Amino acid sequence: MTGGDAGEIVYLDHNATTPVAPEVLEAMLPYLRTAYGNPSSDHPIGRHARAAVEGAREQVAALLGASPDEIIFTSGGTESSNLAIFGTAATAPPGRRRIITSSVEHPATVSPCERLEANGWAVTRVPVTRAGLLELTSATAALTQDVALCTMLLAQNETGALLPLDDLAREAHEAGAIVHADGAQAIGKIPVSVEDLGVDLLSVAGHKCYAPKGIGALYVRRGAPLAPFLVGAGQERGLRPGTENVAGIVGLGAACELARSRLARDSARIGVHRHELLTALLAAVPGLVCHTPLDASLPNTLFVSFPGVRGTDLLARAPGVAASTGSACHSGEETPSATLIAMGVAPEVALSAVRLSLGRDTTGDEIALAADLLAAAYHQAREERSASEKSKRGEESR
Ligand SMILES: Cc1ncc(COP(=O)(O)O)c(C=O)c1O
């Protein structure tokens with residue numbers, strides 16, 4: 001339960017952002033108070049900051065099964081994926097001007113791919129099944145000799161679906177392509193090993209794994225060709241120049257260390273709570289549609305449609321639950337989740353979707369309360385709708 005100005009609210013929006021873990025905040029505070037050195041300064045105060053940055057690099061590398069020298073700190077998931085995509089494109093040989101991606105990517109990948117497309121690159125968007133899973137055979141068929149980069153989510157932010165990047169990476173390498181994984185939603189929720197996956201690049205977003213917003217990292221396999229798109233004083237091996245966000249970096253390191261020590265325990269408990277939530281909603285909401293492939297997904301994510309009720313309307317009637325819909329609002333018009341549309345879900349069903357994403361502090365009591373609040377909101381919305389339809393029919397027959 002979260003308090004603050006908004007009052008008591010069950011927070012089920014951990015895929016949007018997580019709270020900063022107390023241990024992370026504690027680790028950061030000295031670097032916001034007294035340890036203010038610039039890591040590039042050659043005196044004890046600067047060297048203290050440098051040691052903190054390098055310690056955090058080791059912690060991030062340990063969570064990913066990487067070497068510390070393969071970790072580049074950035075401002076977050078978006079910057080990491082931009083660096084991976086533009087940085088690889090800038091070094092690709094002239095005969096390789098194609099990118100393979102999926103049809104359900106986050107805008108952090110969609111937009112760089114669109115920009116390259118506008119500059120003459122070809123982009124192949126591999127479809128997903130109705131269950132939200134990647135069509136692997138279409139992906140491997142697309143791996144032709146002109147592919148420079150294969151860039152895909154490890155875990156989809158709305159459905160929580162896991163994409164089979166390990167299988168794909170092997171085949172992509174055989175075709176001579178570089179492989180980038182957007183790990184923003186996966187890191188800290190499921191075990192991720194860059195060795196097991198066999199990827200060359202992997203994006204990390206701090207605020208999805210209990211570190212603050214505005215800090216992230218890119219794993220860059222030793223020897224992977226990558227050009228910076230920012231130029232400056234040469235920090236982060238020249239790949240991401242600019243004075244380091246020392247406190248943020250320390251926070252990301254602490255968050256990764258924490259995830260390493262408790263991820264297995266947390267994800268088992270979170271999976272049980274997700275099951276409880278789904279069970280309660282299925283019992284209370286006739287025709288509830290589950291868009292999350294439960295057997296191949298993040299354990300914390302449940303993307304469900306409440307039939308006949310808009311997701312935005314449902315959440316407006318349940319202010320005690322903080323969650324997201326997949327839809328976006330453009331010029332006053334609601335557009336359904338692009339992910340659900342790519343999965344072949346009908347627009348009306350997609351507009352009734354709500355994403356419920358649990359966190360490590362979500363309790364069983366909160367799950368029970370959230371299910372009650374959502375069910376009550378659903379029934380209220382349905383009743384109001386049928387009352388207004390009845391009165392409309394009455395007016396028409398008069
Ligand atoms: C899958 C995925 N990739 C990238 C990002 C962007 O990360 P950031 O917010 O740190 O820029 C997000 C954030 O929602 C995400 O869910």
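The values are calculated or read from the model by the stated rules, or taken from the named source; none is laboratory data. Model, not experiment: these values are computed from the prediction. Every residue, glycine among them, receives a Cβ derived from its backbone with ideal geometry; neighbour counts consider all protein chains shown.
From (1) part of a helix (DSSP H, G or I); (2) free of Cβ contacts under 8 Å to residues at least 24 places away in the same chain, pick out the condition that doesn't hold for residue 195.
(2)
Has the range 33-47 got at least one residue that is farther than 27 Å from residue 232 by Cβ, of a type in the set (Asp, Glu) and in a loop (DSSP other than H, G, I, E, B)?
Within the range 33-47, none of the residues are farther than 27 Å from residue 232 by Cβ, of a type in the set (Asp, Glu) and in a loop (DSSP other than H, G, I, E, B).
State yes or no: is residue 360 within 21 Å of the chain's Cα centre (by Cα), assigned to a strand (DSSP E or B) and modelled with pLDDT of 95 or more?
Values: within 21 Å of the chain's Cα centre (by Cα): yes; assigned to a strand (DSSP E or B): no; modelled with pLDDT of 95 or more: yes.
Answer is no for this residue.
Out of the range 175-197, which residues are surrounded by fewer than 24 Cβ atoms within 10 Å (Cβ to Cβ) and of a type in the set (Lys, Arg)?
The answer is none; no residue qualifies.
Of the conditions (1) charged (D, E, K, R); (2) over 19 Å from residue 157 (Cα atoms); (3) in contact with a helix residue (DSSP H, G or I) (Cβ under 7 Å, 6 or more places away or on another chain), residue 310 fails just one. Which one is it?
The single condition residue 310 does not satisfy is (3).
What's the total number of residues in the range 159-178 that are within 16 Å of the ligand (Cβ to nearest atom) and over 16 Å from residue 127 (Cβ atoms)?
3
Out of the strands (runs of 3 or more DSSP E) lying entirely within the range 76-162, which hold 1 or more residues that are over 19 Å from residue 200 (Cα atoms) and not aliphatic (A, V, I, L, M)? Walk me through how you get there before you give the answer.
Working: elements: 98-102, 122-126, 147-153.
Those strands (runs of 3 or more DSSP E) span 122-126.
Any chance you could count how many residues in the range 74-89 are more than 7 Å from the ligand (Cβ to nearest atom) and either under 14 Å from residue 177 (Cβ atoms) or not hydrophobic (A, V, I, L, M, F, W, C) (or both)?
9
If you go through the range 253-299, how many residues are basic (Lys, Arg) and surrounded by 22 or more Cβ atoms within 10 Å (Cβ to Cβ)? Write out each step before concluding.
Going residue by residue through the range 253-299, those that are basic (Lys, Arg) are 260, 262, 265, 269, 274.
Narrowing the set further to residues that are surrounded by 22 or more Cβ atoms within 10 Å (Cβ to Cβ) leaves 274.
Residues flagged as basic (Lys, Arg) and surrounded by 22 or more Cβ atoms within 10 Å (Cβ to Cβ) within the range 253-299 amount to 1.
From the set of residues in the range 198-247 that are part of a loop (DSSP other than H, G, I, E, B) and among the basic types (Lys, Arg), which is surrounded by the most Cβ atoms within 10 Å (Cβ to Cβ)?
Here is the first cut: in the range 198-247, the ones part of a loop (DSSP other than H, G, I, E, B) are 198-200, 209-215, 221-235, 239-245.
With among the basic types (Lys, Arg) added as a condition, the list becomes 213, 221-222, 240.
Working: 213: 15, 221: 18, 222: 9, 240: 23.
Among them, the one singled out is 240.
Mind checking which pairs have a first residue in the range 5-29 that is of a type outside the set (Gly, Ala, Ser) and at pLDDT below 95 and a second that is outside any helix (DSSP H, G or I) and away from the ligand (no atom under 16 Å from the Cβ), Cβ under 6 Å, 6 or more apart or different chains?
8/1
Of the residues 95, 120, which is away from the ligand (no atom under 16 Å from the Cβ), of a type outside the set (Lys, Arg), without any contact (Cβ under 8 Å) to a residue 60 or more places away in the chain and at positive phi?
Working: 95 fails: at positive phi.
Sole residue among the options that is away from the ligand (no atom under 16 Å from the Cβ), of a type outside the set (Lys, Arg), without any contact (Cβ under 8 Å) to a residue 60 or more places away in the chain and at positive phi: 120.
Which one of 118, 172, 141, 122 is surrounded by 15 or more Cβ atoms within 10 Å (Cβ to Cβ) and either β-branched (Val, Ile, Thr) or not assigned by TED's automatic domain parsing to the domain that holds residue 304 (or both)? Reasoning before the result, please.
On the way: 118 fails: surrounded by 15 or more Cβ atoms within 10 Å (Cβ to Cβ); 141 fails: surrounded by 15 or more Cβ atoms within 10 Å (Cβ to Cβ); 122 fails: surrounded by 15 or more Cβ atoms within 10 Å (Cβ to Cβ).
It is 172.
Hey, residue 46 hits all of (1) surrounded by fewer than 16 Cβ atoms within 10 Å (Cβ to Cβ); (2) touching a residue at least 60 places away in the same chain (Cβ under 8 Å); (3) assigned by TED's automatic domain parsing to the domain that holds residue 229 but one; which does it fall short on?
(2)
Being within 23 Å of residue 116 (Cα to Cα) and part of a loop (DSSP other than H, G, I, E, B) is the filter here; which residues of the range 164-178 pass it?
Of everything in the range 164-178, those that are within 23 Å of residue 116 (Cα to Cα) and part of a loop (DSSP other than H, G, I, E, B) turn out to be 175, 176, 177.
Go through 88, 78 for me and flag whichever is hydroxyl-bearing (Ser, Thr, Tyr), assigned by TED's automatic domain parsing to the domain that holds residue 221 and under 30 Å from residue 303 (Cα atoms).
Numbers: 88 fails: under 30 Å from residue 303 (Cα atoms).
That would be 78, the only listed residue that is hydroxyl-bearing (Ser, Thr, Tyr), assigned by TED's automatic domain parsing to the domain that holds residue 221 and under 30 Å from residue 303 (Cα atoms).
Applying the selection to the range 179-192, what residues are in a strand (DSSP E or B) and near the ligand (Cβ under 9 Å from one of its atoms)?
Going through the range 179-192, the residues in a strand (DSSP E or B) turn out to be 179-182, 187, 190.
Across the range 179-192, the qualifying residue is only 182.
For residue 154, state whether it is within 28 Å of residue 353 (Cβ to Cβ) and either more than 16 Å from the ligand (Cβ to nearest atom) or not charged (D, E, K, R) (or both).
Taking the combined requirement at face value, the residue satisfies it.
Can you confirm whether residue 131 is farther than 20 Å from residue 199 by Cβ and surrounded by fewer than 15 Cβ atoms within 10 Å (Cβ to Cβ)?
Numbers: farther than 20 Å from residue 199 by Cβ: yes; surrounded by fewer than 15 Cβ atoms within 10 Å (Cβ to Cβ): no.
Judged against the criteria, residue 131 is not a match.
Look through the range 307-348, keep the residues that are hydroxyl-bearing (Ser, Thr, Tyr) and part of a helix (DSSP H, G or I), and return whichever of them is surrounded by the fewest Cβ atoms within 10 Å (Cβ to Cβ). Steps first, answer last, please.
Taking the range 307-348 as the starting set, the residues that turn out to be hydroxyl-bearing (Ser, Thr, Tyr) are 312, 324-325, 327, 331, 335, 337, 339.
Next, only the ones that are part of a helix (DSSP H, G or I) stay: 312, 339.
On the way: 312: 16, 339: 26.
Of everything passing the filter in the range 307-348, 312 is surrounded by the fewest Cβ atoms within 10 Å (Cβ to Cβ).
From the list 40, 75, 103, 80, exactly one residue is touching a residue at least 60 places away in the same chain (Cβ under 8 Å) and crowded, with 23+ Cβ neighbours inside 10 Å. Which is it?
On the way: 40 fails: crowded, with 23+ Cβ neighbours inside 10 Å; 75 fails: crowded, with 23+ Cβ neighbours inside 10 Å; 103 fails: crowded, with 23+ Cβ neighbours inside 10 Å.
Going through 40, 75, 103, 80 in turn, just one is touching a residue at least 60 places away in the same chain (Cβ under 8 Å) and crowded, with 23+ Cβ neighbours inside 10 Å: 80.
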